[in-house]
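See below for the structure under consideration.
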Amino acid sequence: MERDHHYAIREYTMVKFLKLYEKIGIFILIILGSVFLAIASPNFFRADTIFSIITQGTYGGIVAFGMVLAITSGGFDLSVDAVVALTSVILAMTIPDLGIPLAIILSILFSCVVGFINGVLITKFGVNPLITTLSMATIVRGVAFLITRGRQIPISQSEFMFIGTGKLWGIPVPIIIMVVLFIIFYLLLYQTSLGRYISAVGSNESASAISGLNVTFIKIMVYVLVAFTASIVGVIRTSQALIGIPSMAPGFTLTVLTITILGGTSLSGGRGNLIGAVFAGIFISMIYYGLNLIGVQYFYQMLAVGLVLIFALFIDGLRGRYLEVARIRGIKV
Amino acid sequence: MNENNVFLQIDKLTKNFPGVKALSDVDFTVNKGEVHALVGENGAGKSTLIKMLGGVYRPDSGDIYLDGKKVTIANTRQAKSNKIAVIYQEFYLIPDLSVAENIFVGREPRILGKTFINWRKMNSDAKKILDRLGIDIDCKRFVLDLSVAERQMVEIAKALSVDARLFIMDEPTESLTEKEVVKLFEIIDELKRQGVSIIYISHRLEEAFKLSDRITVLRDGKKIGTKITRETNEEEIVSMMVGKIVKEYFAEKTIRADGKEVVLEVKDYNIADDVSDINFKLYKGEILGFAGVLGSGIHPLLRSIYGISPRTSGDIYFENKKVDIKNSRDAIDLGIGYVTEDRKNEGLLYDMSILHNLTIIIIKTLTFFKGLFIRSKNEIKVFNNISKVLDIKYASIHQRIVYLSGGNQQKVVIGRTLVSDCKILILLEPTRGIDVGAKAEIHRIMIDLAKKGISIILSSSELPELVNLTDRTIVFYKGKITAEFNRENMDEEKLVAAQIGQNINN
């Protein structure tokens, strides 16, 4: 009895803690990170430092919006880094002939086609999403190298740099793009029927099919949207570098997954957290900034991202387990 | 009867679940080399009893004696060490291992200081056991490639290999063909000869009579009686099974359907292997019962009508117009609602709120700006309307549905179909797994809906439900319609008999 009681209290505390973490965990991390960086660097509290950290955070954050949808629908997309590279090389190759606006539209369209193919393979042929998108990552990366013959392609139109490095009303353009996309994806996920359907499919596919949802269409849309977010980041990054790079964004997919899960989107599907993704993106960017400050090499950043991912997965696992316990014991949450 | 001959003796075994007396004061004995059939309707306590013998549940009170010694069976391992083997309806074999590996899993014969598996010995030992039962299966085959019947035989061989003295078989013939049933019966005879005791559970009375030495009837968690098989008959057993029916929670009998306006007609419907030559009509405002044991084909038929599984041939007429239902969306658009029997796997959207669960089917119609954005005010209005009709109890509409009780979850799942203005409601086992109070409410809801002119197809394995609620009940046996009763000539005994394939004149 005594022991049972002890366990009950521990479970109760754990459930409370996890619910609290779900709400404010990522903000606490950001505050802790800021305190640390403020102490370590006198330049931290300057507008351009903060803007630069947030801008760095937009890359992962924007693609995390797409990834949130994919995971909410019960899927996954590991091809986003390759899509970023594909967008980059298509842009660089077509800008001279088509001009900037058309080249952007075309490169985004091509990327969406990749998402469409992902979706069709996963739904129509029933291939596992992990393996499908992983294969697609290799194929798309291969195509990016093939069409450029492995070379980087410089862009001569310097006005194209505005998207990645310019400012509007004093705010860096990538941040504005992220805010706009955030609003669009927020409305999409929480305020439209498609968003509702995506949650439903991720919650219970059979129940969704019985409820008359077109599961195939919904899933394909999700993969198109993920590829869309990846292509936006491809445009931003290419604009900053002013060069089309077929090897762009190696390891980026893992960063995006880390941001998505750290942001509180449950791996088990059904519940997505977009706000969390924005702040998780900024937090990861803060880690990069901090490591740069200390002056450590690039591979320490990889190490850090890996550790954060494992931490986020650990919390996600705990959450799944304890919320189930709470349900069985009837603890109110 | 010779006392020494008793292998299993159960004294006053009792098990309570919150709010339900699953089993109370049940006494029961099984002799060595005896086949003892255990019969009763759903919820009679059969599975509770065998789960206590198998170590899945622990009894609240009462004693179990094996071979005269008192034993406790706290877990499945202790059941095994007490030489009790339960052959459940689902098998616990590992599909990617061979037959021999499955039989000896966890205790494979070893060679070279326990380093390596002695394959030769394992295969030959497995073959010996299979031979002892007269089973002809190559023990090197993978379980994956075996038929259901063969898997069952492997399960029996596995139990025998640990020298089980008591076999408990739960509906063993449920998924077997007639030929396979004959083979199973031979194996049971062989086990009997070897002095093994068997508790045999089946819906099919004919089997109980063919196999058993004695029959015990359970009802509502109590033992009604034990009869020596050759001194009784099916009629007596059926009346013991049915007993007096608790009627208080059923609404008054009134004829609701006027029997004129046909809403749905199914003509010459066939689904390969599942159903053949199905013809029936559903009238406006009628509750039409579908009765049948597993394998009757009711579920494949209803799934097919709703468009979520294919048909081989046949036509569906909706309000006298021929319709082609290709998927669930077509069915919903016509006004057909479907409530699954498998609420857990096919009903609930776990991660979503009660509100979102209820409105998922019609959310598209609650939008503005060219169907893009959800108008949450409308959504909540729809919820409140339905919630009032169904009397759903919840703390907040934004609460996740998994935190509701089974009865309230079921109301939400039924409500989901009602919001789409359905004219026909297909309900599969709508009161399964919910408590008595909620059951009565679901029954009330069905009658209210019928009075409003909605036609209901009610597929239920709870016969009192069919007898007391339906205007007509059609009985299915092995994929065919074998009988039809209307309110005046329907009773549980006739339904039981028709469900197990007995020919009766009504």
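Where the centroid of each part is defined by its Cα atoms, how far is the range A:219-278 from the range B:88-143 in Å?
50
Under a plain spin-label model, where a point goes 7 Å from the Cα along Cα-to-Cβ, how far apart in nm are A:Ser41 and A:Leu146?
Each label point is offset 7 Å from its Cα along the Cβ direction, giving 4.1 nm.
Which ³J(HN,Hα) values in Hz, rounded to whole numbers, follow from the phi angles of the range A:30-45 under the Karplus curve 6.51 cos²θ - 1.76 cosθ + 1.60, where θ = phi - 60° and Gly and Pro get x?
After applying 6.51 cos²θ - 1.76 cosθ + 1.60, I find 5, 5, 4, x, 5, 4, 4, 5, 4, 5, 6, 9, x, 7, 4, 7 Hz.
Going by amide H atoms built from the backbone, whose H comes under 5 Å of the H on B:Arg472, apart from near neighbours?
Those qualifying (amide H under 5 Å, at least 5 residues apart or on another chain) are B:Ile287, B:Gly289.
By how many nm would the segment from B:Ser313 to B:Lys370 lengthen if fully extended, with 0.36 nm per residue of separation less the alpha-carbon distance?
Result for the pair: 16.6 nm of gain on full extension.
Plugging the Kirkwood radius over Cα pairs into Stokes-Einstein for the range B:400-475, at a temperature of 10 °C and a viscosity of 1.306 mPa s, what D comes out in µm²/s?
Using the Kirkwood radius from Cα pairs, D works out to 123 µm²/s.
Over the range B:3-242, what is the mean sequence separation of C-alpha contacts under 8 Å (at least six apart), divided by residue count, expressed as relative contact order in percent?
28
Report the GluC sites (Glu not before Pro) located in the range B:51-153 that are in a DSSP loop and have at most 12 other Cβ atoms inside 10 Å of their Cβ, or state none.
Of the GluC sites (Glu not before Pro), the ones in loops of the range B:51-153 whose Cβ has at most 12 other Cβ atoms within 10 Å are B:Glu90.
Projected onto the charge dipole of chain B (+1 at Lys/Arg Cβ, -1 at Asp/Glu Cβ, origin at the Cα centre), which of B:Ile454, B:Leu130, B:Asn378 gives the Cα projection farthest towards the positive end?
So the residue we want is B:Asn378.
Can you give me the relative contact order of chain A as a percent, contacts being Cα pairs under 8 Å and 6 or more apart?
33
Tell me, in nm to one decimal, what length is gained between B:Ser147 and B:Ser396 on full extension, where the rule is 0.36 nm per residue of separation less the Cα-Cα distance?
The span from B:Ser147 to B:Ser396 would gain 84.8 nm if fully extended.
For chain B, give me the percentage of DSSP beta bridges that are antiparallel, rounded to the nearest 5 percent. Walk me through the numbers before you get to the answer.
Working: 48 of 82 bridges.
Of the beta bridges lying entirely in chain B, close to 60 percent run antiparallel.
Over the Cα atoms of the protein assembly as shown, what Rg and Dmax result, in angstrom?
32.2, 103
Just for the Cα atoms in the range A:178-308, what are the lengths along the principal axes, largest first, rounded to whole Å?
56, 31, 24
Rounding to the nearest 10 and keeping the result within 0 to 90°, find how far the Cα-based axis of helix A:173-191 lies from the longest principal axis of chain A.
50
Going by average Cβ neighbours within 10 Å, how do the peptides A:295-301, B:233-239 rank, with the highest at the top?
Numbers: A:295-301: 11.3, B:233-239: 15.9.
Listed from highest to lowest mean packing, they are B:233-239, A:295-301.
May I ask for the angle, rounded to the nearest 10°, between helix B:119-132 and the longest principal axis of chain B, with both axes built from Cα atoms and the value confined to 0 to 90°?
80
Can you give the helix-only mean residue ellipticity at 222 nm for chain A, where every DSSP H stretch with n ≥ 4 adds -39500 (n - 2.57) and the sum goes over all residues, rounded to the nearest 500 deg cm²/dmol?
My calculation for chain A gives -27000 deg cm²/dmol from helical runs alone.
If we count every other residue with Cβ under 11 angstrom of B:Gly307's Cβ, Lys/Arg +1 and Asp/Glu -1, where does the sum land?
Neighbourhood net charge equals +1.
Sequence neighbours fewer than 8 away in the same chain don't count; with that in mind, list the aspartates and glutamates whose C-alpha is under 14 Å from B:Lys80.
Excluding near neighbours in sequence, the set is B:Glu155, B:Asp163.
Residues in the range B:184-203 near a label at B:Lys478, defined as backbone nitrogen under 19 Å from the 7 Å Cα→Cβ point?
Those under the cut-off are B:184-186, B:202-203.
Along the range A:88-103, what does the Karplus equation 6.51 cos²θ - 1.76 cosθ + 1.60 (θ = phi - 60°) give for ³J(HN,Hα), rounded to whole Hz, x for Gly and Pro?
4, 6, 5, 4, 4, 6, 9, 4, x, 8, 8, x, 4, x, 4, 4
As an exercise, find the ratio Rg/Rh for the range A:95-180 from alpha-carbon atoms, using the Kirkwood inverse-distance average for Rh.
Across the range A:95-180, the Cα-based Rg/Rh ratio is 1.07.
What's the Kirkwood radius of chain B in Å, using all Cα pairs?
After inverting the pairwise mean of 1/r, the radius is 25.2 Å.
Could you compute Rg(Cα) / (2.2 N^0.38 Å) for chain A, with N its residue count?
This ratio for chain A stands at 1.04.
Please determine, in degrees from 0 to 90 and to the nearest 10, the orientation of helix A:129-148 with respect to the longest principal axis defined by the Cα atoms of chain A, where the helix direction is its Cα long axis.
Once rounded, the angle reads 10 degrees.
Can you tally the lysine pairs in chain A where the Cα-Cα distance is under 27 Å and the two residues are eight or more apart, or on different chains?
Taking the Cα cut-off of 27 Å, the pair count is 4.
Given H placed 1.01 Å from N in the peptide plane, which residues other than close sequence neighbours of B:Ile87 have an amide H under 5 Å from its amide H?
Sorted by chain and number, the residues that satisfy this are B:Ile168, B:Met169, B:Asp170.
Which residue, chosen from B:Thr232, B:Ala74, B:Asn5, occupies the Cα position most advanced towards the positive end of the dipole of chain B, where the dipole is computed from +1 (Lys, Arg) and -1 (Asp, Glu) charges on Cβ about the Cα centre?
Comparing the listed Cα positions along the dipole, B:Ala74 ranks first.
Mind listing which chymotrypsin sites (Phe, Trp or Tyr not before Pro) in the range A:59-159 are in a DSSP loop and have 15 or fewer other Cβ atoms within 10 Å? List each step's numbers first, then the result.
Details: sites: A:Tyr59, A:Phe65, A:Phe76, A:Phe110, A:Phe116, A:Phe125, A:Phe145; in loops: A:Phe76, A:Phe125.
Qualifying residues, ordered by number: A:Phe125.
If you stretched the chain out fully between B:Ile228 and B:Thr76, how much longer would it get, using 0.36 nm times the residue separation minus the C-alpha to C-alpha distance?
Extra length available between B:Ile228 and B:Thr76 comes to 51.7 nm.
Each reported figure results from applying straightforward, stated rules to the coordinates on display, with no laboratory input. Owing to the predicted nature of the structure, the values given are computational and were not obtained by experimental measurement. Ideal geometry is used to build each Cβ from the backbone, glycine not excepted, and the neighbour counts take in all protein chains shown.
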